[in-house]
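First comes the structure, then the notes that go with it.
Just so you know, all these numbers are worked out from the coordinates, no wet-lab data involved. All of these numbers come straight from a predicted model, not from anything done at the bench. Methodologically, a virtual Cβ is constructed for each residue, glycine included, from the backbone with ideal geometry; neighbour enumeration extends over all protein chains shown.
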Amino acid sequence: MTLLEVKDLKTYFKTQEGTLKAVDGIGFNLDKGQAMGLAGESGCGKTTAALSIMKLLPANGYIAGGSINFMGQDMSKVTGDKLRAIRWRDISIIFQGAMNALNPVKRVGDQITEPILLHENVDEEVAKKRVQELFSLVGINPNRIREYPHEFSGGMRQRVMIAMALACRPKLVIADEPTTALDVMIQAQILQLMKNLQTELDLAMIIISHDLSVLAETCDLLSIMYAGKIVERSSAVEVFANPQHPYTKGLIAAFPNIKGDRKMPASIAGNPPNLIRPPKGCRFSERCYMVQDVCKVSEPPLIEVLPGHFAACHFVQPKR
Amino acid sequence: MVKDVVAVRNLEVWFPVRRGFMESLTSKEQMWVKAVDGVTFNIKDREIFCLVGESGCGKTTTGKAILRLVEPTGGTVKYYGPGLSPKLIKEAAADAVSKRKMKKEMAEKDVREGGVEVRYLHKSTMKALRQKMQMIFQDPYESLNPKQSVYDIVAEPLVVNNLGANEAERESRVRKALDDAGLRPPKDFMWRYPHEVSGGQRQRVGIAGALVLEPAFLVADEPVSMLDVSIRSEILKLMLDLRDKKGLTYLFITHDLSVAYVFSDRIGIMYLGKIVELGPTEEVIKGPRHPYTKALISVVPKPDPRMKTDKIILKGERPDPAHIPPGCRFHPRCPFVMDVCRKKEPQPLYVSQEHWVSCWLESGVGPQ
């Protein structure tokens, strides 16, 4: 069952220098209970894409085109009370940087009860009980609901954030760099927790990260973004086993592999292009090792290389 | 035999826990946060020595204590590298003896070995020596002053140390440092501000700021952890190049074992203020002996969903360095804990020529 269908989404920002096309025509589907990874370098538009789904864009950002179909509603058109009813109840987000995302002067329990009381017609007692259940679910002692954020360590705060995202039993959770600020051991704990919760609660998730290895461990589907576009999209296993786009190949090669040989990973030279004036043709052409004249003139479409496996490059052909 | 550049022995950095007035009257025992609690290692000439551990294990404090950016409270830090003249060595030894900080025999040993005890160096000597011992900081987004141009940032160490006879000479040194750090051509970058360059270039500016003093020993504190994966290896390759061309020696501090694996020559695994395992990189990663090392290696995310490995996920988080558990400090989280671990602290045991581990499970070739 398709839960979320994003079609040709365009999210732009008005800036002094012109319109910045942060997300420029991306599309994907997400089923109930599926986890999709959105990968790419910083500034490629992955966070903007996710924020567009929840309509949490800053004042100068706007959805310039396309549709976001979430359970039969076009999120790009929903506003006001209707939008508020969906946010956090059906879609919630785990923000980047658990260290700063909690209110330091409010007890964590109260911060989590807030959305429950707002969205559901229950009294405080019930909400409090739910918070305690959520705490045990994410592996925090339920007696700690009266503590303040500073009394929690980084990993524990991230668990609080996860509990908060799950407060209203959403259908879709967006996790923006959920483990970037954490240590490897804590990262492993959090990833394991997210994976378990996802299966247990049949959650759909969008996990945003620049770290492909984190996505490899948690996601069923994987979309690779570059300069506002999805350049490759398929199941996670397929993307790693059979990468098509040179950018995907580069990203995978950039990882040091502790199980493999001891060699310095490759890097992708250069920087992502300016999104106010994106280059003509393929946006990756400036950094691509197999660039040809055609890449600088025409933009490659996202084609289906194998069933369910899409890539946007002039040099990939559909394989049958 | 390859000469040591830095040798650290039983290094301790303890911070006092502040007590209330009444507490000090009732003479309650002074508590310490033992950030670094007896760390011993040496770094050879042109070597990349890597300290790995979770945040709060004391790896950054160790690096800072070597440069005396925090003052060590115990142990010794010897520096043997370039930038020392026989005169300086003798003076430093005499100074330390006259201030009753070092025994005469120890000072004479330093002079014979051609090293200085960094801990007891006079402030002015330390300042001069610090030109040879520099640090690269973790976060290129926060360690650069946003109001200074790249030129000013890189030239600042020269100004502080009163180097360069005139502006023209300073400029040429800045240009060279930028060029060495891979910001080419330097004139394109010199007059930009930090927000006008990319993340990878920022870290290159940080490196140029360290290189401008022509150091011999660099402490690199998580230099790539804030960068995108796609540009990490460029920075690592730059650092390798600099070692080969300029003969640099590195202390590399990271929590990322996979980076340590591809980049370093030897690894020390730190846990709660102590090194628990140390050895050549390949040996430690492919044949870890300490349960903590094994767990750390097992949880490194693999960049391939087809590789499912058994993870040893340790429960809980590291204990507080103000309350270090008795016996082996890892025992509350150790999956193999035995009775002896709770009572006695294990001593380093060599399991091969250069590889040692502190764990009661080991029965190596013999205690050192």
| field | CD proxy at 222 nm, helix term only [per DSSP H run n ≥ 4: -39500 (n - 2.57); per residue of chain A; nearest 500] | value | -9000 deg cm²/dmol
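For the range B:301-340, divide the Cα radius of gyration by the Kirkwood radius and give the resulting Rg/Rh value with two decimals.
1.15
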| field | Å³ per residue enclosed by the Cα convex hull of the range A:45-125 | value | 128
| message | Can you list residues from other chains, or at least 5 along the same chain, whose modelled amide H is less than 5 Å from the amide H of B:Trp32? | response | B:Val17
| request: With viscosity set to 1.567 mPa s and temperature to 4 °C, compute the Stokes-Einstein D of the protein assembly as shown, Rh being the Kirkwood radius across alpha carbon pairs; µm²/s, no decimals. | output: 47
| message | Can you pull out the trypsin sites (Lys or Arg not before Pro) in the range A:225-286 whose DSSP state is coil and whose Cβ has at most 16 other Cβ atoms within 10 Å? | response | A:Lys259, A:Arg262, A:Lys263, A:Lys280
| query | Between A:Met290 and A:Arg107, what length comes free when the chain is fully extended (0.36 nm per residue of separation minus the Cα-Cα distance, one decimal in nm)? | reply | 60.4 nm
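Take the Cβ-Cβ distance between B:Asp310 and B:Asn166 as r, set R0 to 56 Å, and report the resulting FRET efficiency rounded to the nearest 0.05.
With a Förster radius of 56 Å, E is 0.30.
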| request: Kindly provide the helix-only [θ] at 222 nm of chain B, computed as the sum of -39,500 (n - 2.57) over DSSP H runs of four or more divided by all residues, to the nearest 500 deg cm²/dmol? | output: -10000 deg cm²/dmol
| query | Do any cysteines in chain B lack another Cys Cβ under 4.7 Å, and if so which? | reply | B:Cys50, B:Cys57, B:Cys334, B:Cys359
| field | Local net charge near B:Lys147, Cβ-Cβ under 14 Å (Lys/Arg +1, Asp/Glu -1) | value | -3
| request: Once you have the Cα-Cα distance between B:Glu156 and B:Asp244, take 0.36 nm times their residue separation minus that, and quote the gain in nm to one decimal. | output: 29.1 nm
| Once phi is turned into ³J(HN,Hα) by the Karplus curve 6.51 cos²θ - 1.76 cosθ + 1.60 with θ = phi - 60°, what whole-Hz value does each residue of the range B:276-283 show in order, with x for glycine and proline? | 9, 8, 8, x, x, 3, 4, 5
| remark: For the range A:169-320, percent of DSSP beta bridges that are antiparallel (nearest 5) comes out at 70
| Enclosed volume per residue, in Å³, of the convex hull spanned by Cα atoms of the range B:1-115 | 138
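Counting other Cβ atoms within 10 Å, which chymotrypsin sites (Phe, Trp or Tyr not before Pro) in the range B:264-368 have at most 12 and lie in a DSSP loop?
Loop-located and lightly packed - B:Phe336.
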| field | Restraint check, A:Lys229/A:Lys259; B:Lys99/B:Lys132; B:Lys87/B:Lys127; B:Lys87/B:Lys109, Cα-Cα greater than 21 Å | value | A:Lys229/A:Lys259; B:Lys99/B:Lys132
| task | Can you bin the range A:49-88 into rounded, prolate or oblate? Criterion: square roots of the alpha carbon gyration tensor eigenvalues sorted a ≥ b ≥ c, rounded for a/c under 1.5, prolate for a/b above b/c, oblate for the rest. | result | oblate
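Just the Kirkwood number for the range A:241-306, please: inverse of mean 1/r across all distinct Cα pairs, in Å, one decimal.
13.7
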| field | Angle in degrees between helix A:108-119 and the longest Cα principal axis of chain A, rounded to the nearest 10 | value | 80
| query | Taking the DSSP beta bridges in the protein assembly as shown as the whole, what percent of them are antiparallel, to the nearest 5? | reply | 65
| task | Mind giving me the FRET efficiency for A:Leu118 and A:Glu5? R0 is 22 Å, r the Cβ-Cβ distance, nearest 0.05 is fine. | result | 0.20
| task | Would you mind finding the longest exposed-site-free stretch of chain B, with exposed GluC sites (Glu not before Pro) meaning DSSP loop and at most 14 other Cβ atoms within 10 Å? | result | B:143-353
| Gain upon complete extension [A:Gln73, A:Asn60; 0.36 nm per residue less C-alpha separation] | 2.3 nm
| task | Find out how many positive minus negative residues lie around B:Val97, taking Lys and Arg as positive, Asp and Glu as negative, among other residues whose Cβ is under 15 Å from that of B:Val97. | result | +3
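Could you work out the mean projected area of the convex hull around the alpha carbons of the range A:192-320, in square nanometres to one decimal?
Taking a quarter of the hull surface, the average projection is 9.6 nm².
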| field | Rounded to 10°, Cα long-axis angle of helix B:167-180 versus longest principal axis of chain B | value | 50
| query | List the cysteines of chain A that have no other Cys Cβ closer than 4.7 Å: which are they? | reply | A:Cys44, A:Cys168, A:Cys219, A:Cys288, A:Cys313
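What is chain B by shape, rounded, prolate or oblate, if you read a ≥ b ≥ c off the alpha carbon gyration tensor as root eigenvalues and call it rounded for a/c under 1.5, prolate for a/b larger than b/c, and oblate otherwise?
It comes out oblate by the Cα gyration axes.
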| task | Return the loop-located trypsin sites (Lys or Arg not before Pro) in the range B:14-116 (DSSP other than H, G, I, E, B) with at most 13 other Cβ atoms within 10 Å of their own Cβ; answer none if there are none. | result | B:Arg18, B:Lys28, B:Lys99, B:Arg100, B:Lys101, B:Lys103
| message | Looking at chain A only, what percent of DSSP beta bridges run antiparallel? Nearest 5 please. | response | 65
| Label point distance in nm, B:Ala128-A:Arg277, each placed 7 Å from Cα along Cα→Cβ | 5.3
| request: Could you give the C-alpha radius of gyration of the range B:161-297 expressed as a fraction of 2.2 N^0.38 Å, taking N as the number of residues it contains? | output: 1.22
